[in-house]
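Report on the structure given below.
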Amino acid sequence: MKQNFKLAFFTIIILFASCNLSAQQKDNYSTKIDSLLKTKNPRNFNGAVIIQQKGKLKYAKAFGFDDFKKKTSLKVDDKFSTMSLAKQFTATLILQQVEKGTIDLQAPIREYLPDFKYSWADTVTVHQLLNNSSGLYSESLDKPLKFKPGTAFSYSNVGYYVAGLVLEKQSGKNFETLVKALFKTCKMRNSYYPNETNSQFLTKGHLIKKDGTINQFDKISFTIDQYWGSHLIVSAQDLAKWNECLHNGKLLKSTTYKMMTGYSITNTHILFSEKPIGYGYGLRINDKENILEIGHTGFHPSEGFTAVNLYYPKTDTSVIVMENQANENFEIAYYFEQQIRKIIKNSQLLK
């Protein structure tokens with residue numbers, strides 16, 4: 001009887017240890033990411049990765065160089081261009097004005113910019129600028145609208161330029177002042193508005209061409225009117241602080257935040273899904289899978305940066321990947337970002 005009891009006891013111990021080992025192997029996301037980022041196929045990784053949960057760092061590493069010519073090693077607190085991640089900062093600032101009653105999201109642009117020369121200002125609203133349903137082209141204000149505002153999705157960087165004009169007019173402050181205050185509130189001490197002085201902190205951007213050659217950009221060519229939608233200077237770890245600030249009620253009231261993360265328009269993106277997902281205000285809302293995912297990407301080959309910022313509300317987890325390179329071959333442009341996302345979504349971290 002005692003022998004049977006001992007056998008059963010040891011069997012349970014072995015099974016428990018086996019299951020525990022299996023779980024550890026399955027959830028060893030750090031090792032998996034380390035291994036992934038050392039691979040050279042289909043391309044090299046060059047950037048920083050930050051994973052943070054409930055305010056605590058779970059992963060923080062940098063790989064590669066901040067300057068390909070000088071071969072200076074990249075550090076985890078180095079500064080990158082946000083690319084289109086800038087849109088969520090602009091959207092947040094506009095929503096703060098909404099809370100103050102100075103901006104009505106459903107009001108046409110003409111109400112705030114009466115001398116604006118474009119006739120579409122009579123019908124396009126702030127809401128439509130923020131969720132990319134205005135019908136504006138990506139980089140031009142002069143072309144006729146693609147469609148009736150509010151009826152479809154069309155990504156527009158200049159739409160955020162117009163939204164930025166409204167923001168400055170109604171707040172009475174310039175974008176630089178507003179961004180600096182936002183960074184201060186979120187304790188983003190390694191992030192900057194890209195003026196002439198601060199731009200020196202930016203890592204060098206690099207374009208990896210299809211033939212394997214590399215173009216290094218010593219300076220960003222973005223102009224000031226593009227900053228609202230396409231360029232701020234941040235560290236990867238500061239983006240985790242931003243997520244913590246934005247998604248935990250430190251910047252917006254709950255009702256306003258729901259407006260930002262709700263959606264009335266959908267669109268596909270290669271990083272998130274083959275199926276359309278929601279687009280809120282400067283954020284993509286992926287509620288089509290078992291884990292709610294909120295995030296955005298940034299990619300601009302001519303500037304040489306790639307950015308991904310993902311947030312998972314259920315576990316208060318941020319996954320940030322910033323590269324100071326952009327691949328001309330778009331099929332592999334987000335390769336590492338996609339794989340890191342897959343590793344984390346299959347780990348126990350989000351359970």
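Just so it is clear, none of the values below were taken in a lab; they were calculated from the coordinates. Computed from a predicted structure; not experimentally measured. Cβ coordinates were reconstructed from backbone atoms using ideal geometry, including for glycine residues, and neighbour counts include every protein chain displayed.
Data overview
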| read-out | value |
| --- | --- |
| Pairs from LYS75/LYS342; LYS87/LYS146; LYS180/LYS253; LYS143/LYS241; LYS32/LYS351; LYS258/LYS351 whose Cα-Cα separation, in the structure shown, is over 27 Å | LYS143/LYS241 |
| Protection proxy ranking of 29-39, 229-239 - average other beta-carbon atoms within 10 Å, highest first | 229-239, 29-39 |
| Cβ-defined net charge surrounding GLY262, 13 Å radius [Lys, Arg +1; Asp, Glu -1] | +1 |
| Net charge contributed by nearby residues that have their C-beta within less than 15 Å of GLY135 (K/R +1, D/E -1) | 0 |
| Approximate spin-label separation ILE270-ARG189, in nm, with each point projected 7 Å along Cα-to-Cβ | 3.8 nm |
| Region 42-58 - phi-based ³J(HN,Hα) in whole Hz, Karplus 6.51/-1.76/1.60, Gly and Pro as x | x, 7, 8, 9, 9, x, 10, 10, 10, 10, 9, 9, 6, x, 10, 5, 9 |
| Shape of region 80-170, Cα gyration tensor, a/c cut at 1.5 | oblate |
| Sum of side-chain charges, SER81 neighbourhood, beta-carbon under 12 Å (Lys, Arg +1; Asp, Glu -1) | 0 |
| Long-range Cα-Cα pairs in region 94-144 (distance over 13 Å), rounded percent | 59 percent |
| Distance from region 137-193 to region 71-104 (C-alpha centre basis), Å | 10 Å |
| Computed over region 37-350: relative contact order in percent, which uses C-alpha pairs under 8 Å that are six or more apart | 24 percent |
| Ordering of 181-192, 245-256, 130-141 by burial proxy (mean other Cβ atoms within 10 Å per residue, highest first) | 130-141, 181-192, 245-256 |
| Cα gyration tensor shape for region 129-245, rounded if a/c is under 1.5, else prolate or oblate | oblate |
| Among (1) 21.4; (2) 20.1; (3) 22.8, the entry that matches Kirkwood radius over Cα pairs in Å as calculated here | (1) |
| Label point at ASN28 placed 7 Å out along Cα→Cβ; residues across region 334-351 whose backbone nitrogen lies under 17 Å | 343-344, 346-349 |
| Förster radius 22 Å - calculated FRET efficiency between ASP316 and LYS173, Cβ distance, rounded to 0.05 | 0.10 |
| Fraction of antiparallel bridges per DSSP, region 37-350 only, in percent to nearest 5 | 95 percent |
